[in-house]
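Below: the structure, in structure tokens.
The values are calculated or read from the model by the stated rules, or taken from the named source; none is laboratory data. Every value quoted in this text rests on a predicted model; they were computed, and no experiment measured them. Here the Cβ positions follow ideal geometry from the backbone for every residue, glycine too, while neighbour counts run over all protein chains shown. Quick note on the areas: whole protein, heavy atoms, side chains included, nothing else; ligands and nucleic acids left out. Shrake-Rupley method; radii C 1.70, N 1.55, O 1.52, S 1.80 Å.
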Amino acid sequence: QAHLVESGGALVQPGGSLTLSCAASGFTLNKYDMRWYRQAPGKEQELVAFISSAGTIDYVDSVKGRFTISRDNAKNEMYLQMNSLKPEDTAVYSCYAEWLSFHYWGRGTQVTVSS
């Protein structure tokens, strides 16, 4: 059964770094546009970063210069490198894959930025 699984979430101090991974199973990622979303407690879900199948990349303004999205189609994985983390980055981070009428969500991984 096709699905996505995130990993790498943790408790980290402000200013720290984390790398999230999103692994696909049951389908191949190379045709899919990919996104990282996050949802903080009491807030709406927010699109954080986007990477197309062709490699076009975009970020929400609040993470530009701090986060880097990437993909490794050979490993069937996508990543989010997060640097200079702030308390306001605390959220559940989820990955999303979309191609034509096919789309998949992961269940999310918790990132907590706190001293």
(request) Enumerate the pairs (first residue in the range 50-67 and modelled with pLDDT of 95 or more; second residue anywhere and exposed (fewer than 12 other Cβ atoms within 10 Å of the Cβ) and charged (D, E, K, R)) with beta-carbon separation below 8 Å, excluding pairs fewer than 6 apart on the same chain, so at least 6 apart or on different chains. (result) S62/E88
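This table checks each residue for (1) hydrophobic (A, V, I, L, M, F, W, C); (2) assigned to a loop (DSSP other than H, G, I, E, B).
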residue: Q1; (1), (2): no, yes
residue: L4; (1), (2): yes, no
residue: T19; (1), (2): no, no
residue: A24; (1), (2): yes, no
residue: F27; (1), (2): yes, yes
residue: M34; (1), (2): yes, no
residue: A49; (1), (2): yes, no
residue: G55; (1), (2): no, yes
(request) Would you mind finding the one in A74, A49 that is open to solvent by less than 60 Å² (accessible area, probe 1.4 Å) and either among the hydrophobic types (A, V, I, L, M, F, W, C) or touching a helix residue (DSSP H, G or I) at 6+ places or on another chain (Cβ under 7 Å) (or both)? (result) A49
(message) Suppose we keep only residues that are closer than 27 Å to T112 by Cβ and aromatic (F, W, Y) within the range 27-46. Which one would you say is surrounded by the most Cβ atoms within 10 Å (Cβ to Cβ)?
(response) W36
(request) Report, ordered by the first and then the second residue, all pairs with beta carbons closer than 8 Å, sequence separation of six or more or different chains, a first member in the range 1-27 that is among the charged types (D, E, K, R), and a second member that is surrounded by 13 or more Cβ atoms within 10 Å (Cβ to Cβ) and in a loop (DSSP other than H, G, I, E, B). (result) E6/G106; E6/G108
(request) Report yes if P87 is of a type outside the set (S, T, Y), open to solvent by 50 Å² or more (accessible area, probe 1.4 Å) and at pLDDT below 95, otherwise no. (result) no
